[in-house]
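Here, each number is a calculation from the coordinates, and none is a lab measurement. Everything numeric here is computed off the predicted structure, so don't read it as measured data. Cβ sites come from the backbone with ideal geometry, for glycine too, and all protein chains shown count toward neighbours.
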Amino acid sequence: MIKKMSVSEIYVHNNEVRKQHSEQTALTQKNIDKIRRIALKKILYPEYKEAYEFVDNLFPEIKVKNVVVHKVMAKDLEKMGFRGVEGFYDPVTKIVVISGVHKSMYRGDPFYKVEAKVDKDEVIVHELCHYCYVAMGHRSISSEMREEFAYGYSIGYLRQKGYSDEYIIKYNFLPYLMSIFNEKATKKIFAQNGITIPQYHAYSNYKKKECNRMYRKKIFILSKEMAMKRGHELISLYSAKLEEGGYKESENNNEYGRYGMLDL
Ligand SMILES: [Zn+2]
């Protein structure tokens, strides 16, 4: 999934809501039927030729040029619970969806603005990478691993478009990475100030709000720092993979070797 806005802004501490968000890729059959019915258009190769060809070169055995991308109006996706989402891939039904034009959503303090700048072709590359990941037999339940794969392999395409690594991190990776590191940063800042998570949860709503207000800036700055660092790590990790000529079957083994326990 690729989102326009970081969720970190909105859900600083609400684990429940964050969980719901991450599980929204589980589509109901009803929604899938609806997406097929109401799609503004169905995109097929050779439209977005460069995007399809980039992914096809990386994973030639998947035949990604046969994949149809459904373009759906942003407001219709929002009704299905995909607010601010630029695109997603549903591994069960194998449907690839991208959103039509979004209205700018951010109304808050510009200091906290973390907005992706992603063109449709870039969203298509990202979602097609997800498609390939599943088609190659990966079954990771870790959304972090799935996302890193899609963001990571996209860098070759983004560089091809002339973007610098800094630009890629800031406008393509950061909204996603911020949402990942927000929780870690929150825990760290709270701990530094003598607040444990159970203590926080026991606070009254008023006290929670006070606490959020008090530490918001520190948490934001720290999660941005952590996200930038991870962004640079992803750039070097995937640059090396791309230099080696893209995906290698051995990655599969490494992945299960390294993360197998997490997949249980
Ligand atoms: Zn994704």
Formal net charge of residues neighbouring Val123 (Cβ-Cβ distance under 11 Å; K, R +1; D, E -1): -1
Ranked by how many other beta carbons lie within 10 Å on average, peptides 139-146, 202-209, 60-67 from highest: 60-67, 139-146, 202-209
Where only alpha carbons of region 125-174 are counted, the Rg and the Dmax (Å): 11.6, 33
log10 of Debye I(q)/I(0), alpha-carbon scatterers only, for region 27-119 at 0.13, 0.24, 0.25 Å⁻¹: -0.53, -1.25, -1.30
Distance violations [Cα-Cα > 22 Å] among Lys49/Lys75; Lys79/Lys209; Lys75/Lys120; Lys30/Lys71; Lys49/Lys170; Lys42/Lys170: Lys49/Lys75; Lys79/Lys209; Lys49/Lys170; Lys42/Lys170
Region 29-97 versus region 137-172: alpha-carbon centroid distance in Å: 17 Å
Diffusion coefficient, µm² s⁻¹, Stokes-Einstein with Kirkwood Rh over alpha-carbon pairs of region 88-210 at 37 °C and 0.692 mPa s: 191 µm²/s
³J(HN,Hα) computed for each position of region 227-243 - Karplus, 6.51 cos²θ - 1.76 cosθ + 1.60, integer Hz, glycine/proline x: 5, 5, 4, 5, x, 5, 4, 5, 4, 6, 4, 7, 4, 4, 4, 5, 5
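Quick one: Cα convex hull volume of region 168-247, Å³ per residue?
Working: hull volume 8.4 nm³, N = 80.
Here the figure is 105 Å³ per residue.
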